[in-house]
Amino acid sequence: MQRSGFVAIVGRPNVGKSSLLNAILGKKISITSYRPQTTRHTIMGIKTRNNTQTVYVDTPGMHLGAKKALNRHMNKVAHQSLIDVNVVVFVVEALKWTDEDEAVCQLLQKVTCPIILVLNKVDLLEEKQKLLAFMQKVSQKISAEIMPISVKRDIQVVELENLIQQHLPAGVFYFPEDQVTNVDERFQAAEIVREKLMRFLEKEIPYATSVQLESFEHKDNILHIGALIYVEREGQKRIIIGDKGTKLKEMGTHARLDLEKYFEKKVFLKLWVKVKEWSNDVNALQSLGYTF
């Protein structure tokens, strides 16, 4: 008997949702960084194993104080991911419960499907006995099965997968068995470039950036990519480019190496930087691929 279903991975920013998806798939689908709100889109990761297909939906972190159109979009996308899913995986950081965790918890009170509360980063705990007290505390907040894990150390990730699959209904597969994501190559390439902006730039500058591909062409066994980086201020453009272009070149080199690893071929990458106020402009967001 075949089983299949959709699993929403939700939680506040920076608790390890995208890292969890990548670990389950064994392939980097969602970009990651130490900065919160790295994920901006809904990304599906598809894992077909034996007679079961699990479609994981990675979502932007739900956060408070969404002032700009981009932040409101991210919250809306995360909320909509809860519609018609078979399981919700609510990720929090072990021993930490913030106002944003509480806000997600309150939203999930309306969910009728099974909820698995994942306590991530247990490898960082120095006093393991505190985990039991924390588990008892959060069990009073939400009706859910609780699973302590560590994505970084690969602790109980397989056990979490098995628990999720127990809740999937019988049904035909939604995607071909060899498909691993719903996003196309152009989207993935733009995200890999944006990941390097999130990792290499300081303070608020990464949040003022977006990436749009100008060109994407397979030619003579080389993938040629031209990517336009949008920022919102001239000062931000100067910082991204760096002295004599050194910062842009450094980020471009790291992006190219990741692109070559992902696409398994040589990549020629060219980057430009352009000033455009985009993050609070709905029309600009739509032109950059943020679907409302």
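Selection over the range 88-115 of residues that are over 18 Å from Ile149 (Cβ atoms) and among the small types (Gly, Ala, Ser) gives a count of 1.
Checked against (1) open to solvent by less than 10 Å² (accessible area, probe 1.4 Å); (2) assigned to a strand (DSSP E or B); (3) more than 18 Å from Ile116 (Cα to Cα), Ile31 passes all but a single condition, namely (2). Candidates Gln236, Gln156, Gln165: the one that is free of Cβ contacts under 8 Å to residues at least 40 places away in the same chain, of a type in the set (S, T, N, Q) and closer than 30 Å to Leu117 by Cβ is Gln156.
Within the range 242-262, being of a type outside the set (S, T, N, Q) and either more than 23 Å from the chain's Cα centre (by Cα) or open to solvent by less than 30 Å² (accessible area, probe 1.4 Å) (or both) holds for Gly242, Asp243, Lys244, Gly245, Lys247, Leu248, Lys249, Glu250, Met251, Gly252, Ala255, Leu259. Out of the residues in the range 30-47 meeting the condition of being over 15 Å from Val193 (Cα atoms) and among the aliphatic types (A, V, I, L, M), tell me which one is modelled with the highest pLDDT. Looking at the filtered set, the residue picked out is Ile46. When the range 196-233 is filtered for residues that are acidic (Asp, Glu), in contact (Cβ under 8 Å) with a residue 12 or more places away in the chain and either part of a helix (DSSP H, G or I) or in contact with a strand residue (DSSP E or B) (Cβ under 6 Å, 6 or more places away or on another chain) (or both), only Glu214 remains. Of the numbered criteria (1) modelled with pLDDT under 75; (2) among the polar types (S, T, N, Q); (3) touching a helix residue (DSSP H, G or I) at 6+ places or on another chain (Cβ under 8 Å), the one Asn71 fails is (3). For the range 138-153, the set of residues classified as charged (D, E, K, R) and without any contact (Cβ under 8 Å) to a residue 24 or more places away in the chain is empty.
If Arg153 meets every condition in (1) of a type in the set (D, E, K, R); (2) on the phi > 0 side of the Ramachandran plot; (3) in a loop (DSSP other than H, G, I, E, B) apart from one, which number is that one? Among (1) of a type in the set (D, E, K, R); (2) on the phi > 0 side of the Ramachandran plot; (3) in a loop (DSSP other than H, G, I, E, B), the lone unmet condition for Arg153 is (2).
Report the residue count in the range 1-18 for those that are farther than 23 Å from Lys203 by Cβ and surrounded by fewer than 24 Cβ atoms within 10 Å (Cβ to Cβ). Selection size over the range 1-18: 6.
The values are calculated or read from the model by the stated rules, or taken from the named source; none is laboratory data. Predicted model only: the values in this text are computed from it and were never measured. When we count neighbours, we look across all protein chains shown, and the Cβ atoms used for this are built from the backbone with ideal geometry, even at glycine. Heads up: the accessible areas ignore ligands, DNA and RNA and are worked out on the full protein's heavy atoms, side chains in. Shrake-Rupley method; radii C 1.70, N 1.55, O 1.52, S 1.80 Å.
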